[in-house]
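Colleague: Please see the structure below; I have some questions.
The values are calculated or read from the model by the stated rules, or taken from the named source; none is laboratory data. Small disclaimer: the values here were computed from a predicted structure and weren't measured. So basically every Cβ, Gly included, is an ideal-geometry build from the backbone, and we count neighbours across all protein chains shown.
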Amino acid sequence: MKFALFQGCNIPARLEQYADATQAVLSKLDIELIEIADFNCCGYPARNTDYRAFVLSAAKNLAEAERAGLDMLVMCKCCYGSLKKAEYLLNQDPDLKANINQSLKKENLEYKNGIQVKHLLSVLYHDVGTDRLKSSIVKTYGGLQIAVSYGCHALRPSNVTGFDDPVSPRLFDELVELTGAFSVEWARKLDCCGAPLTGINDPLAMDMTQKKISSAREAGANYICTACPYSHLQFDVVQSRLVSNPETRDPLAPILYPQLLGLCLGIEEKNLGIGKNKIDLSGISSFLMTE
Amino acid sequence: MFDYLFYTSLVVFLLGLIYKISTWFTKHIGVFGSDLNAKKRILSASKGITQVIFSRKAFSLLETFVLDVVFQHRVLRENAVRWLAHMLIFYGFLLLLLMHALENVVSEAIFSDYYSTVNPFFFLRDFFGAMVLAGIILAAIRRYISKPQRLKTSRMDHYAIIIVAAIMLSGIGLEGLKIASHSEFQRMVEDYAGMDDEEEIQALEAVWVRDYGVVSPNLREPFDEDLIEAGQEAHANNCKDCHASPQWAFNGYAVAKLIKPVALWLDKIGSITLVWYIHIIACFIGLAYLPFSKMFHIIATPLSLLANKVMDPATSSPANILTRQIIELDACTHCGSCSLHCSAAMIYEAIGNEYILPSEKMASLKQLASGKKLSDSQSAAIREGVYLCTNCDRCTVRCPSGIRLKELWYSVREELVASGTPLMHVLSPYSFARGLIIQDSIPADTYAYPIAAARQTVSGGFDKLINPNMAIPLNAQTSPEPPSTVGDHTYSQCFSCQSCTVVCPVVGNYEHPEQVLGLLPHQIMCCLALGLTEMASGAQMIWDCLTCYKCQENCPQQVEVCDVLYRLKNVAVETADIS
């Protein structure tokens, strides 16, 4: 299987370990990732201020993937949501589509709705499949409790994103449980991590982060598992800002799903960038059971 | 005349050089290190350089020098044709400068048998010239013919190409004119051959006309066999040892062939002197203008590459970082690599503000650093351009000059948003990196100011409209309707069940949410149904929306609550921009 890898803007600049771990995991599973140099911003940051700029930016990526004849594998949930939303709008609104294609013409591109946009987790769950994943796992965790953070922009609006059941999703839980870890039930599992307001209303963003972390901790989680750079950076960088306040407790480290899975596939810690978190997560390997 | 022109341009060059280098320590850019004076910066730089030279980092400097400066690996990584063009121009020009322009100083000192008319030097001069010319043609094709999307060509780029092309073409033209020139032939015979037998000279001339491109007013082909034989003997005795055959100067020879029909006339009107003047004046203009043109990158870019190899934003002193950033402004060649790969390229296409493109931002930063007064509209455009950046770092990764653009943006962005009209883009996820990374390195009030200013602006007349003592102005003029999109009018399906408000995590975060948020989601939908767009778009709620879509997902009436809030944000920004 082959996909056009869509990293977005945050991962190459601030979360390289997510790309490294994803590459390492997917190459074990015989998935080839093609980097398309002309991919650009998914349009997400422009949504607040300029609707057309957002759609054009997203559509350029869809059209690039289409030219390459590849489905997109998106790593960021906000990019995913943005690309799916643009795809939805373009297909609902023929005038918009014509207008956007007019602009894409200058780039020798055209959007024709010829490819699929998939999130990394969906590819692992649906395209690779849980059976294949299970058979590739060489080590499992014992006694590890994980709180999965679904990520709003993948989950909702469900009629647009089609990621999973928006009320009781299972996809991410099952992927985590494949590794032998236990996916805890927690009140804020489907809630926002706060990242969309970082830089706009930081106290509110931090409240959201804090509430999520407390909820995960109350459910007994050892780590929060993420599959989105915004959430991950929020739980890692913003949480470290929170814990510098003496009133808050020990941090709860976030772990990226491909890191969690990668260790079970026998990939070395350093190839998964386990050491690159701000909040230490090196304790994760102590949960691995030796055969 | 030559000396006068030469020394004038040399003095201008040297003064320019001194001036430019002094600006590295005196100019400021961005918010960091604004308190650092020149003395501190020079001391800090000397200290930094000394430390690096006497440490293991010296080896990495050497590596960068070989790989990135000599071999220009970063340009190669960008594009093989561009690399070829750059190598041809740079090395061709350098070799011409050393061998040809500085022949009295360099070539004669190294080669005791140096004569410009003897091979290999005679051939090499043309070979180097051809290298530069080929490079310039490739560069001109990129700038004027193939024109990749979003590659901007500025005045500086035109000048650079024009000056180099003028030097090369005049040089080759001069050579061609000399090869074809009869008077030049006569001069050389007089100066070098020491022949006085008129018949012998005529025989020699016949050979030069037949074989070496001279166009004679006296002799016409075909020539008598005996005459040629005599001429060849004279050539062997008097010319051959000190003058390789003109075919070796292949560029000039081609020109000589080309101008053959008009060569006599050109010779008569003294075109050699004219073109010689053009050639040296072009060279001297190039020299004098170098410190002020983009060609100054010859000096600044290697320094930028070397400095960036050994410097680290976390450990280097702020004084040295500032100094390096000023050098970086000179190191930018406006090659456009950054803009070709910019993540915000489509935002530029949609909005049309060219300062979104990194290469154009760099050009504007040069103006800012030099203290030039910008017009209000220009500075507003630059402010917007600097903010509409997704902080993906691609420009920094791609820059062939090794410029750390992202650090420049961080620093300059803060300077620009600290004053002037509020910027609405602050209220968008473009602020994510600012909140995540920059927040900790600037004072809290500096950080908060642009956000508060933008919020104030977008809320418009909301406070007045929401005042409980005032009647709701049901006859208020609604804002101009923005172009509608899918789901825009779903608010009319709202029956005020408040599900959206109940599930909203933002509402749930506050004890008295109305006081903080102005209006709650279901109230906003009501406002819209009543045509109170201005009131709805002024509520803080829309900017505090996390866009988690819980409201929309939970609405029993399929109202696209979150998307409507997005729409209102767009409306508020448009309205604020207009007013």
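Colleague: Identify, please: which residue in the stretch A:24-56 is small (G, A, S) and within 19 Å of the chain's Cα centre (by Cα) and is, among those, farthest from B:R455 (Cα to Cα)?
Modeller: Kept after step one, since they are small (G, A, S), are these residues of the stretch A:24-56: A:24, A:27, A:37, A:43, A:46, A:53.
Cutting the leftovers down to within 19 Å of the chain's Cα centre (by Cα) gives us A:24, A:27, A:43.
Values: A:A24: 44, A:S27: 47, A:G43: 22 Å.
Selected residue: A:S27.
Residue by residue, here is whether (1) outside any helix (DSSP H, G or I); (2) touching a residue at least 24 places away in the same chain (Cβ under 8 Å); (3) exposed (fewer than 14 other Cβ atoms within 10 Å of the Cβ) holds:
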{"site": "B:Y4", "(1), (2), (3)": "no, no, yes"}
{"site": "B:T8", "(1), (2), (3)": "no, yes, yes"}
{"site": "B:V12", "(1), (2), (3)": "no, yes, no"}
{"site": "B:L17", "(1), (2), (3)": "no, yes, no"}
{"site": "B:F25", "(1), (2), (3)": "no, yes, no"}
{"site": "B:K39", "(1), (2), (3)": "no, no, yes"}
{"site": "B:I42", "(1), (2), (3)": "no, no, no"}
{"site": "B:Q51", "(1), (2), (3)": "no, no, yes"}
{"site": "B:S60", "(1), (2), (3)": "no, yes, no"}
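Colleague: Here's another thing I want to ask about it. Out of all the residues in the stretch A:1-9, is one or more surrounded by fewer than 22 Cβ atoms within 10 Å (Cβ to Cβ) and either in a helix (DSSP H, G or I) or at pLDDT below 95 (or both)?
Modeller: Looking for residues that are surrounded by fewer than 22 Cβ atoms within 10 Å (Cβ to Cβ) and either in a helix (DSSP H, G or I) or at pLDDT below 95 (or both), one finds at least one in the stretch A:1-9, hence yes.
Colleague: Criterion first (over 23 Å from A:T49 (Cβ atoms), in contact with a Phe, Trp or Tyr (Cβ under 9 Å, 6 or more places away or on another chain) and either within 8 Å of chain A (Cβ to nearest Cβ) or surrounded by 19 or more Cβ atoms within 10 Å (Cβ to Cβ) (or both)) does B:S411 satisfy it? Write out each step before concluding.
Modeller: Details: over 23 Å from A:T49 (Cβ atoms): yes; in contact with a Phe, Trp or Tyr (Cβ under 9 Å, 6 or more places away or on another chain): yes; either within 8 Å of chain A (Cβ to nearest Cβ) or surrounded by 19 or more Cβ atoms within 10 Å (Cβ to Cβ) (or both): yes.
Judged against the criteria, B:S411 is a match.
Colleague: Scan (1) surrounded by 24 or more Cβ atoms within 10 Å (Cβ to Cβ); (2) more than 8 Å from chain B (Cβ to nearest Cβ); (3) at positive phi for the single condition A:G194 breaks and write down its number.
Modeller: It is condition (2) that A:G194 fails.
Colleague: Going through the stretch B:410-431 one residue at a time, which ones are outside any loop (DSSP other than H, G, I, E, B), under 25 Å from B:N570 (Cα atoms) and not small (G, A, S)?
Modeller: Of everything in the stretch B:410-431, those that are outside any loop (DSSP other than H, G, I, E, B), under 25 Å from B:N570 (Cα atoms) and not small (G, A, S) turn out to be B:R413, B:E414, B:L416, B:V417, B:M424, B:H425, B:V426, B:L427, B:P429, B:Y430.
Colleague: Are any residues in the stretch B:101-126 free of Cβ contacts under 8 Å to residues at least 60 places away in the same chain and part of a helix (DSSP H, G or I), and if so, which ones?
Modeller: Matches in the stretch B:101-126: B:S107, B:E108, B:A109, B:I110, B:F121, B:L124.
Colleague: Checking the conditions here, which among B:A139, B:A80, B:A109 is of a type in the set (A, V, I, L, M) and buried (at least 16 other Cβ atoms within 10 Å of the Cβ)?
Modeller: B:A139
Colleague: To continue, here is another question. Hey, among B:I437, B:I382, which residue is free of Cβ contacts under 8 Å to residues at least 60 places away in the same chain, within 14 Å of chain A (Cβ to nearest Cβ) and not charged (D, E, K, R)?
Modeller: B:I437
Colleague: Might you let me know whether the stretch B:144-162 holds any residue that is hydroxyl-bearing (S, T, Y), assigned to a helix (DSSP H, G or I) and either in contact with a Cys (Cβ under 8 Å, 6 or more places away or on another chain) or in contact (Cβ under 8 Å) with a residue 40 or more places away in the chain (or both)?
Modeller: Residues of the stretch B:144-162 that are hydroxyl-bearing (S, T, Y), as a first pass: B:144, B:146, B:153-154, B:159.
Still in the list and also assigned to a helix (DSSP H, G or I): B:144, B:146, B:159.
Imposing the further condition that a residue be either in contact with a Cys (Cβ under 8 Å, 6 or more places away or on another chain) or in contact (Cβ under 8 Å) with a residue 40 or more places away in the chain (or both) reduces the set to B:159.
For the stretch B:144-162, residues hydroxyl-bearing (S, T, Y), assigned to a helix (DSSP H, G or I) and either in contact with a Cys (Cβ under 8 Å, 6 or more places away or on another chain) or in contact (Cβ under 8 Å) with a residue 40 or more places away in the chain (or both): present.
Colleague: Something else now. Does B:L374 count as part of a loop (DSSP other than H, G, I, E, B), farther than 20 Å from A:N48 by Cβ and of a type outside the set (D, E, K, R)? Explain how you work it out, then say what you get.
Modeller: Numbers: part of a loop (DSSP other than H, G, I, E, B): yes; farther than 20 Å from A:N48 by Cβ: yes; of a type outside the set (D, E, K, R): yes.
So B:L374 fits the description; yes.
Colleague: Another question, then. In the stretch A:123-136, which residue that is in contact with a helix residue (DSSP H, G or I) (Cβ under 7 Å, 6 or more places away or on another chain) and buried (at least 16 other Cβ atoms within 10 Å of the Cβ) is nearest to the other protein chains (Cβ to nearest Cβ)?
Modeller: Step by step, filter the stretch A:123-136, then rank; the result is A:Y125.
Colleague: From the residues in the stretch A:70-122 that are more than 14 Å from chain B (Cβ to nearest Cβ) and among the hydrophobic types (A, V, I, L, M, F, W, C), which one is farthest from A:A4 (Cα to Cα)?
Modeller: A:L121
Colleague: Right, next: Hey, among the residues in the stretch A:167-188 that are under 30 Å from B:C500 (Cβ atoms), touching a residue at least 24 places away in the same chain (Cβ under 8 Å) and not charged (D, E, K, R), which one's nearest to the other protein chains (Cβ to nearest Cβ)?
Modeller: Result: A:A187.
Colleague: Turning to a different aspect of this structure: Residue under question is A:I11, and the condition is that it be touching a residue at least 60 places away in the same chain (Cβ under 8 Å) and within 14 Å of another protein chain (Cβ to nearest Cβ); does it hold?
Modeller: Judged against the criteria, A:I11 is a match.
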